[in-house]
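Below you'll find the structure, written out as structure tokens, and then a few comments.
What follows is calculated from the coordinates using simple rules that are stated; it is not laboratory data. Note that this is a predicted model, so its numbers are computed, not measured. No Cβ is skipped: glycine too gets one built from the backbone with ideal geometry, and neighbour counts run over all protein chains shown.
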Amino acid sequence: MAEWFYIGHYGQLGPLTRDQISELIEGGVIARETYVWKSGMTDWLPADKIPELGQSFSVIDPFVAPPPPPGSPPKPMSQLAPRQYAGSPSLAPMPQGYQSTPQQYYSGLRSDKSRTLAGILNLFLPGVGRIYLGYAAIGALQIVVSIFTCGLGLLWPFIDGIIILAGGIKLDGYGRQLAD
């Protein structure tokens, strides 16, 4: 029976079954400090404070690199590979080549979507540029407004296309940094 909820990066998610919660814990989506709730609980609690879920965390131990063999000099930080943490991403070292802005760190990837193409699409096909970027709701709304206002609503997607071309939109709908 699906009765579990948790607070993720995109807000409250659920209802989920106990098995689904266990899979998310194993996959590192739900960390020890992630707030969870199910019916019957009075308040949201960190996942490791709930006895039923606490045993799922005992199976999963974070990766710890073995110590270097005796006598070998330690590697400089620049040569170490980034470690994967199931917990807070603020503890993990930044991957090489990334700036230290939070949006880039959380996304971890650059988008395959082009800002230029999205802006041109939105100028000539109202809403299509936003849909291309992954903002389907905004794109659909721009299309509907353009159709039902007999052309008066074309101003919004036109201005939005200019904003996209000028670099006002930095992330695609999935939180990845747009390519130029």
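Which of rounded, prolate or oblate describes the range 4-59 when judged by the alpha-carbon gyration tensor and an a/c cut-off of 1.5? Before the final figure, lay out the partial values.
Working: a/c = 1.40, a/b = 1.14, b/c = 1.24.
Rounded, since a/c falls under 1.5.
Where does the charge balance sit around residue 117 when Lys and Arg score +1, Asp and Glu -1, over other residues with C-beta under 13 Å from its C-beta?
Result for the local shell: 0.
In whole Hz, what ³J(HN,Hα) sequence does the range 21-26 give by Karplus (6.51, -1.76, 1.60; θ = phi - 60°), x for Gly and Pro?
For the range 21-26, the Karplus-derived couplings read 4, 4, 5, 5, 5, 4 Hz, x marking Gly and Pro.
Taking amide H atoms as placed 1.01 Å from N in the peptide plane, list the residues 5 or more away in sequence, or in a different chain, whose amide H sits under 5 Å from that of residue 8.
13
Any idea how far apart residue 29 and residue 10 come out in nm if each label point goes 7 Å out from Cα toward Cβ?
1.0
Against the 2.2 N^0.38 Å scaling, with N counting residues, where does the range 113-180 land? I'd like the Cα-based Rg ratio to two decimal places.
Values: Rg = 11.0 Å, N = 68, 2.2 N^0.38 = 10.9 Å.
In units of the 2.2 N^0.38 Å rule of thumb, it is 1.01.
Using a 10 Å cut-off on Cβ atoms, rank the peptides 42-53, 128-139 from the highest mean neighbour count down.
Values: 42-53: 13.7, 128-139: 20.2.
The most tightly packed comes first, giving 128-139, 42-53.
Quickly work out the residue 20-to-residue 116 label distance, labels modelled 7 Å from Cα along the C-beta direction, and quote it in nm with one decimal.
4.3
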